[in-house]
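One structure is given below, encoded as structure tokens.
The values are calculated or read from the model by the stated rules, or taken from the named source; none is laboratory data. Keep in mind that this is a model prediction, so the values were computed, not measured. Neighbour counts run over all protein chains shown; Cβ positions are idealised from the backbone, glycine included. Just the protein is used for accessible areas: all its heavy atoms, side chains included, with ligands, DNA and RNA removed. Shrake-Rupley method; radii C 1.70, N 1.55, O 1.52, S 1.80 Å.
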Amino acid sequence: MNADTRASRTPAHVVVVGGGIAGLAAAHRLVSAGLRVTLLEGGDRIGGKLLAGEIAGAPVDLGAESLLARRPEAVALARAVGLGDRLCAPATTTASVWSRGTLRPMPKGHVMGVPGDAAALAELLSEEGLRRVGRDRELPPADLGEDVAIGAYVAERMGHEVVDRLVEPLLGGVYAGDAYRISMRAAVPALFAAARNHPTLTDAVHAVQRAGAATPSDAAGAATGLGGSAFAGIEGGIGTLPEAVATGIRAAGGEILTLMPVTELRRAPDESGAGDWRVVAGGREFRADAVVVAAPAWAAAELLAPEAPAAARELGTVEYASMALVTLAFRRQDMPALTGSGFLVPPVDGHTIKASTFSSQKWQWVSDAAPDLFVLRTSVGRYGEEEQVHRDDADLVETSLKDLAAATGLSARPVATTVTRWTDGLPQYPVGHLARVARIRDAVAEVPGLRLAGAVYEGVGIPACVASGHRAADEIIATSETTHPGAGHCP
């Protein structure tokens, strides 16, 4: 087959490896652009860390339960697949911190726990801790270099107490990580950029707050349709999003296959026109013009080793944290008076749970579906605490109940429980992570028809994962329009 004949093939065929939300977003983008898509998922379901379930007949999320609404990608995807009328803001966003044996109101006026005014943390920090925060203005400017651990930097400027009591539990809720290891540049990029351009951390916080105030909440609300809420859920659960995206992919002609673990990925240019990539999965061989690998770092490393060894080596260094979610349903009449959406737990206090979400108070759809029940959940496990996650279910339930009793006075026994483990669920973003991602992308860019997507590359949140899928798809589409005229356009 000559070059002219090969260039006339349309549509191009793209294989997407991995059926989490990043892979689904990539496949949806690709098939919407008129390319032929096959998505291969090694497990028995799609969705990755998004999982809808039920407890005592009440619908709940057993994985991620909210998404950042002010970042547009996930909200836009939900609307594109017909879930726009089910997007909802939390019924309450008031939260607490369980610190030194007491539930204390979550302070306001901070950037990921870093205060612009020590007084905002008056109920959370000791008098010495508050004085130490104020010393930031007395210190000479710091040289952040190319990156720095946020916990270490904030402790240097404002003391360990503000890190241990607020920064750590907030970041732990996002990354299940250690604030003293997490990259400031990757986790809080706006604050990192501001800190490089201001003499004190306090000034940097004020700069970030001013930038946020430049986009009023009502304008943000108009953009999302969620009344200015920073976060959103989906009635029935965030876990319903993957199947809605999959339905859209299939409706556009895409193919989704589960129980198809990919075992081999090789470039094999084929003059017959079958495609430049050979993908082996589940005992079958697929030929493709391009491949998007949306698998966890360790799986991607194995697949990329033959064709992109430098990228594979970098991916092999990515560490993950595991966590477990303990979901509990109680008779509402047995519950003590609880306020807000839940609470965070500073690890410095030595408790097992790291957070609790009062689902029946945070999400109106949970309460409406089971008005006689009160559903809540706890999370267990941080980076370096694998042993906690692998305790048996009964132990995790009892430990959660013990901590809940100490925090809230809850003495009731649940009518139903379920434990969901996310082993190696969250990639860690240590100092230098973004530089590592850049090296991975540079190495992959040298391999024609190969792109990556997932939580490793642009952030662990749902919108960031969707964005990574879209980025991979758009780069494939741009290549397809050049090498396969017409392939990137719907008929």
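Just to check, using Stokes-Einstein with a Kirkwood Rh over alpha carbon pairs, what's the diffusion coefficient of segment 102-211 at 25 °C and 0.890 mPa s in µm²/s? Present the calculation step by step, with values, prior to reporting the outcome.
Numbers: Rh = 13.7 Å.
Approximately 180 µm²/s, per Stokes-Einstein.
A 1.4 Å probe run over the protein chains yields, for the chain, 40 Å² of accessible area per residue, whole-number rounding. When +1 charges are put on Lys and Arg Cβ atoms and -1 charges on Asp and Glu Cβ atoms, the dipole computed for segment 59-173 relative to its Cα centre reaches about 400 debye.
FRET efficiency for the residue 439 to residue 85 pair, using the beta carbon distance and R₀ = 30 Å, is estimated at 0.10. Counting only Cβ charges, +1 for Lys and Arg and -1 for Asp and Glu, the dipole size of the chain around its Cα centre is about 600 debye. Scanning residues 5 or more positions from residue 373 or on other chains, those with amide H under 5 Å from its amide H are 332, with H placed 1.01 Å from N in the peptide plane. Between the residues 62, 81, 51, the greatest Cα displacement towards the positive end of the dipole of segment 41-83, with unit charges on the Cβ of Lys, Arg, Asp and Glu, is found for 81. At a 1.4 Å probe radius, carbon and sulfur cover how many percent of the accessible area of the chain? Here it works out to 52 percent. Note on residue 474 and residue 137: their simple-model spin labels are 4.2 nm apart, each label 7 Å out from Cα toward Cβ. Computed 3J(HN,Hα) for segment 326-331, one whole-Hz value per residue from the Karplus formula 6.51 cos²θ - 1.76 cosθ + 1.60 where θ = phi - 60°, is 10, 9, 10, 10, 10, 5, glycine and proline marked x.
You can think of it this way: the chain between residue 416 and residue 402 has 3.4 nm of extra reach, that is 0.36 nm per residue less the Cα-Cα gap. This model, with +1 at the C-beta of Lys and Arg and -1 at the C-beta of Asp and Glu, gives segment 357-450 a dipole about its Cα centre of some 300 debye. The 3J(HN,Hα) values that the Karplus relation (6.51, -1.76, 1.60; θ = phi - 60°) gives for segment 55-61 are, in residue order, 9, 6, x, 8, x, 8, 8 Hz. Gly and Pro appear as x.
So which trypsin sites (Lys or Arg not before Pro) in segment 339-443 are both in a DSSP loop and have at most 14 other Cβ atoms within 10 Å of their Cβ?
Filter output for segment 339-443: empty list.
Of all lysines in the structure, the ones whose alpha carbon falls short of 26 Å from that of residue 49, not counting any fewer than 8 places away in one chain, are 354, 362.
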